[in-house]
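Asker: The structure that follows is given in the form of structure tokens.
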Amino acid sequence: MKGYRKPTVHTASLFMWMILACRFLCLATNTPNDPLASHQWGWLRIHCDQAYETGWRGSGIIVAVLDTGVDTAHPDLRDNLVEGYNFVDKNSNVTDLDGHGTMVAGIIAAVANNSLGIVGVAPEVKIMPLKVLTSEGGNWIDLDLAILYAVNHDAKIITMSLGGKYTLLGTTTEAAIKYAYQHGCVLIAAAGNDNSSEPFYPAAYDEVIAVSAVDQNDTRAPFSNYGNYIDLCAPGVDILSTMLNGTYAYGSGTSFAAPFVAGVAALLLSKYPSLTPQEVAETLYDQAEDLGEKDWDQYYGWGLVNAYSAATQPSIPEFANIFLFTLFSILLITVVVMAHIHQQKPKYLTSIVRKGLESSCIPTCIAIKVARCSSIS
């Protein structure tokens, strides 16, 4: 989310981090048996293997994929699909005739531990396929309608590996984006593949998390767009995913970077379902692995999305609660010790603690926005 500022980590909460670390170290190893998982360098790079072992896998979250449809019979996807809609042909047949949407869906939600193919970032989410594209592209009206459909059919995340220039936008697109955001949907979009700093929409909207692509060397992919609207980066070169007719294929593009972020957002929401879109974005930015220049930059945004952190670390509001609890505990211990030393009566304890909290400077996290993809014309 454009304009975010990372909060400061306070040492007072370090003991809580130690408790969390011990908890997850004690978990039994649970590695998926999917035979192609070792070929998923992007899945491994953002620590999805470690996230999988925590048990947080996106259960209960619906991700709307606005794309070319999906191979509904694919054995690595069919169990993770819910009903969608074909906005191109105005019917319920969301069959993918291109392959692009099937690849996007597989990166997010390929079934895990089924002794078949690959593993999705969030292998227990449900994919809602909304067909807005063909091999030739699509139009903004279908995109607008699909966004509204996703919101009104309980999708928590909308991912869009598509876009175009601002001059081609329909007048209702921004309204649809705002409607989704205001109704609690996390919106994610590919940054585009023109090696350009010119804003690419819908990724460049303030409400949308814009994702650029990196290669196996953590370097911006040569085709990936960049600029002041980039929020995060993710693997986007030689990405292995599901393909038509039950097969698998490699693809490159910011189209295949965006679904990594969508999957990680699903992990986060499955753990903290009450998070707002703003809180999801802020948490992902704070937990990202910094690449390039320190903190935000125009090539990598806030950094490389991190699945393991989403599954193990507190979210932004949860972190604030932990800090407040820690501060309160320290104050309480201090007061008890002081009362014992000075033989204070217990009846003064509540007022002393309350006064201590009121006079304490408790920082808050300020959220301010700064700043192959299919085309829409």
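Asker: When residues of the range 287-301 are filtered for being surrounded by fewer than 21 Cβ atoms within 10 Å (Cβ to Cβ) and either on the phi > 0 side of the Ramachandran plot or in a helix (DSSP H, G or I) (or both), how many remain?
Answerer: Number of matching residues: 2.
Asker: What is the residue count in the range 169-188 for residues that are modelled with pLDDT of 95 or more, in contact with a helix residue (DSSP H, G or I) (Cβ under 6 Å, 6 or more places away or on another chain) and of a type in the set (Gly, Ala, Ser)?
Answerer: Looking only at that region, the number is 2.
Asker: Another one. I'd like to verify a number: residues in the range 81-105 that are assigned to a strand (DSSP E or B) and either modelled with pLDDT under 95 or not aliphatic (A, V, I, L, M) (or both), how many?
Answerer: Start the filter on the range 81-105 by keeping residues that are assigned to a strand (DSSP E or B), which leaves 81, 85-86, 91, 95.
Imposing the further condition that a residue be either modelled with pLDDT under 95 or not aliphatic (A, V, I, L, M) (or both) reduces the set to 85-86, 91, 95.
Adding up the residues that qualify gives 4.
Asker: Return yes or no: is Tyr166 of a type outside the set (A, V, I, L, M), farther than 25 Å from Thr276 by Cα and modelled with pLDDT under 95?
Answerer: Working: of a type outside the set (A, V, I, L, M): yes; farther than 25 Å from Thr276 by Cα: yes; modelled with pLDDT under 95: yes.
So Tyr166 passes the test.
Asker: Go through Ser135, Ser92, Ser161, Ser59 for me and flag whichever is under 16 Å from the mean Cα position of the chain (by Cα), surrounded by fewer than 17 Cβ atoms within 10 Å (Cβ to Cβ) and of a type in the set (S, T, N, Q).
Answerer: Every option except Ser59 fails the conditions.
Asker: Look at the range 117-132 and say how many of its residues are among the hydrophobic types (A, V, I, L, M, F, W, C) and farther than 13 Å from Gly84 by Cβ. Show your work before the answer.
Answerer: Initial filter on the range 117-132 (among the hydrophobic types (A, V, I, L, M, F, W, C)): 118-119, 121-122, 125, 127-128, 130, 132.
Checking which are farther than 13 Å from Gly84 by Cβ leaves us with 118-119, 121-122, 125.
Looking only at that region, the number is 5.
Asker: Somewhere in the range 60-67, is a residue assigned to a loop (DSSP other than H, G, I, E, B), within 25 Å of Asp154 (Cα to Cα) and touching a Ser or Thr at 6+ places or on another chain (Cβ under 6 Å)? Please lay out each step first, then the result.
Answerer: Within the range 60-67, the first condition is being assigned to a loop (DSSP other than H, G, I, E, B), and the residues that meet it are 60-61.
Still in the running and within 25 Å of Asp154 (Cα to Cα): 60-61.
Those left that are additionally touching a Ser or Thr at 6+ places or on another chain (Cβ under 6 Å): 60-61.
Scanning the range 60-67 turns up at least one residue that is assigned to a loop (DSSP other than H, G, I, E, B), within 25 Å of Asp154 (Cα to Cα) and touching a Ser or Thr at 6+ places or on another chain (Cβ under 6 Å).
Asker: Same structure again: Do you know which of the residues in the range 108-124 that are under 14 Å from Tyr248 (Cα atoms) and not aliphatic (A, V, I, L, M) is farthest from the chain's Cα centre (by Cα)?
Answerer: So the residue we want is Gly117.
Asker: Take the residues of the range 131-147 that are part of a helix (DSSP H, G or I) and in contact with a helix residue (DSSP H, G or I) (Cβ under 6 Å, 6 or more places away or on another chain): which is modelled with the lowest pLDDT?
Answerer: So in the range 131-147, the residues part of a helix (DSSP H, G or I) come out as 140-147.
Then keep just the ones that are in contact with a helix residue (DSSP H, G or I) (Cβ under 6 Å, 6 or more places away or on another chain); that gives 140, 144, 147.
Values: Trp140: 94, Asp144: 97, Ile147: 98.
Among those residues, the one meeting the criterion is Trp140.
The values are calculated or read from the model by the stated rules, or taken from the named source; none is laboratory data. Because the structure is a prediction, the values reported are computed rather than measured. In this analysis, Cβ positions are derived from the backbone assuming ideal geometry, glycine residues included, and neighbour counts consider all displayed protein chains.
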